[in-house]
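Taken together, the values in this text are just the output of simple stated rules run on the coordinates, not laboratory data. Only a predicted model underlies this, so the values are computations on that prediction, with no experimental measurement involved. No Cβ is skipped: glycine too gets one built from the backbone with ideal geometry, and neighbour counts run over all protein chains shown.
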């Protein structure tokens, strides 16, 4: 993040980006290898979709999301963030399926031209459970893992340091760009831009805000490129890492077991054993 | 070199055939009521996208086995591209999250960064930008920007990046200013024929008899929806002609076709994911369209295709033009330093001393 302007550099530490690497996590679950946690999250999310129905995903959520969250001591946060994230999609899912399920016959409720049906309700619950499983699995991973830990761990396993840089820099660029947008909004308002009037006025205000944000960010590419090249970024060969997250044989076996289990479930599903 | 392409081709064919045999089939025939071969059409684009990714992995694996490096791929990633990618990913995520969560518009606007990188650096960096955008959007970026469904659609972003990169490699994103009216008219007609042709294909194949504009005694939402569709299409046609004849830029038809084709392909790939994984509901403004089509009697599979074929071409058209305007606003010197940047410079301006004569001759 060389070459960022001074204001956003000062604002960044307050945004929750970890200041240092190598701090051990507070619980055993936090201290698991990041790849193990990422595998668990992906397998849970995909597994919930593959299993389908209601019972399977609910079981997955209890075993692979709520239990680890309780061990890691992040259960209240997980429930809050997970529900918050899935609330808009959950409302959509409910409205769309409850009232607009084609071919449904069992009418529960009739309000004017729209009817709520039992088939729609059953399908809405199925989709809802699936969405909760996905967002729960991802939120658990997010709450217990620092992004930079995952990147360092992937780099240790041979992923190109360029991918690592892109991942890490993206995570840091999102809040930095939001800060920049706020500065530019303030600057344009000082010049008389109306950002609180009617809808049409606000739409017209988008261009003088989004334009400078995007073009300003692209203009920074030049400085950062030179800064990286001056530091030997393009040097070929492996880097020596000063620190990387710990891993164990047990975790490696667990990861492979999860992946093989998921593959077996998919095969069983396609072959029709799970209905 | 030959072995790599051969491996890629074999992998593509094998995965495509396995996919067709296990998931989709083309044998169900066309339903006489809707002209819609639902079983077959649902999955072939999605399977093709998966096969494309597997083919790329096969290509890379053979190259690694031969040379112990990924030289032909990593050559497309110079430092400048690597630095642009995080910025592009941040643009994707911030704009996408704003449009989907705050504004609830029935489009996405989450691929401006992907197409920007694809235009400047090529198909492979574009594909990687799209893939990383959607993966990071789900797994790494903190709330309120996080988006649960995004990761499932990362394969769509990959294909968008590839298509945009190929379009730019063919010179389709290059400005072509100050052309004669005759050339502009031919460009406009060709572009409109392609777009209308795709529109007719989409309409007969996926809308069939289930949706008609202005049906007698239909619910208010459909009247509004019909007017909205007509308004959007009118605005697009007017904007197209204004851009073409006021700016006198022959790039407009090229960018239009690239945007619409990318949008149709994106819709064909993403609709089965949306229907089978999320039941047609992804938490954005597009959900209302899915709801409307289902109320009209479509099943989920058809409704997501209908929604996608309405949202995606419009969305990608807007996105391609936004990227084209960003590129036009960038300094020529900055563009030219990217791997594919020279293809984005106006062919008339720099190196041809007799450019004025040429212009005079055809005007």
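What's log10 of I(q)/I(0) for the range A:158-230 at q = 0.23 Å⁻¹, Debye sum over Cα points only, no solvent?
-1.05
Hey, got the average number of other protein chain Cβ atoms within 10 angstrom for residues in A:174-181? Walk me through the intermediate numbers first.
Numbers: counts 14, 5, 3, 6, 4, 0, 0, 2.
The mean count of partner-chain Cβ atoms within 10 Å per residue comes to 4.
Note down the nm distance, to one decimal, between modelled labels 7 Å out along Cα→Cβ at residue B:177 and at residue B:2.
Between residue B:177 and residue B:2, the label points sit 4.8 nm apart.
At q = 0.10, 0.12, 0.16, 0.18 Å⁻¹, what is the base-10 log of I(q)/I(0) for the range A:33-145 according to the Debye formula with one equal point scatterer per Cα and no solvent? Please give it to two decimals.
-0.34, -0.47, -0.73, -0.85
Bin by bin, in steps of 10 Å, what percent of the Cα pairs in the range B:79-344 do you find, going until the bin that has the longest distance?
That works out to 7, 30, 34, 22, 6, 1, 0, in percent per bin.
What is the calculated FRET efficiency for residue B:331 to residue A:243, with r their C-beta to C-beta distance and R₀ = 51 Å, to the nearest 0.05? It would help to have the intermediate numbers written out before the result.
Numbers: r = 40 Å, r/R0 = 0.79.
With a Förster radius of 51 Å, E is 0.80.
At R0 = 35 Å, how high is the FRET efficiency between residue A:234 and residue B:189 if r is their beta carbon distance? Nearest 0.05 is fine.
Details: r = 47 Å, r/R0 = 1.36.
After rounding, the FRET efficiency stands at 0.15.
As an exercise, use a Förster radius of 60 Å and the Cβ-Cβ distance of residue A:71 and residue B:67 to find the FRET efficiency, rounded to the nearest 0.05. It would help to have the intermediate numbers written out before the result.
Numbers: r = 46 Å, r/R0 = 0.76.
It comes to 0.85.
Rank by packing, highest mean first: peptides B:62-69, B:270-277, B:12-19, with packing defined as the count of other Cβ atoms within 10 Å averaged across residues. Show your work: numbers first, answer last.
On the way: B:62-69: 13.0, B:270-277: 23.6, B:12-19: 16.0.
Result, highest mean Cβ count within 10 Å first: B:270-277, B:12-19, B:62-69.
Arrange the peptides A:33-40, A:255-262, B:85-92, B:290-297 so that the one whose residues have, on average, the most other Cβ atoms within 10 Å appears first. Working shown, then result.
Numbers: A:33-40: 21.0, A:255-262: 14.0, B:85-92: 29.1, B:290-297: 22.8.
Result, highest mean first: B:85-92, B:290-297, A:33-40, A:255-262.
Suppose each label sits 7 Å from its Cα in the direction of the beta carbon; what would the residue A:79-residue B:238 distance come out to in nanometres?
Placing both labels 7 Å beyond Cα along the Cβ direction yields 5.3 nm.
For residue A:252 and residue A:28, compute 0.36 nm times the residue count separating them, minus their Cα-Cα distance, and round to one decimal in nm.
On the way: separation 224, 0.36 × 224 = 80.64 nm, distance 1.62 nm.
Working it through step by step, the gained length comes to 79.0 nm.
Which order do peptides B:327-338, A:232-243, B:130-141 fall in by mean Cβ count within 10 Å, highest first?
Working: B:327-338: 16.0, A:232-243: 9.3, B:130-141: 24.7.
Top to bottom by mean Cβ count within 10 Å: B:130-141, B:327-338, A:232-243.
Taking the alpha carbon gyration tensor of the range B:252-307, what are the square roots of 5 times its eigenvalues, largest first, to the nearest whole Å?
Numbers: eigenvalues 112, 27, 20 Å².
Result for the range B:252-307: semi-axes of 24, 12, 10 Å.
Within 10 Å of each Cβ of B:190-196, how many other protein chain Cβ atoms are there on average? Write down the numbers at each step before the final one.
Details: counts 0, 0, 0, 0, 0, 0, 0.
Going residue by residue through B:190-196 and averaging, the value is 0.
Using Cβ counts within 10 Å as a stand-in for footprinting exposure, how do B:111, A:148, B:72 rank, fewest first? List each step's numbers first, then the result.
On the way: B:111 31, A:148 20, B:72 14.
Sorted ascending by nearby Cβ count, the order is B:72, A:148, B:111.
Using just the alpha carbons, could you tell me how many Å³ per residue the convex hull of the range B:286-339 encloses?
On the way: hull volume 4.7 nm³, N = 54.
Roughly 86 Å³ of hull volume per residue.
Let me know the mean shielding of A:211-217 by other chains, meaning the per-residue number of their Cβ atoms within 10 Å of its Cβ.
Counting other chains' Cβ atoms within 10 Å and averaging over A:211-217 gives 4.
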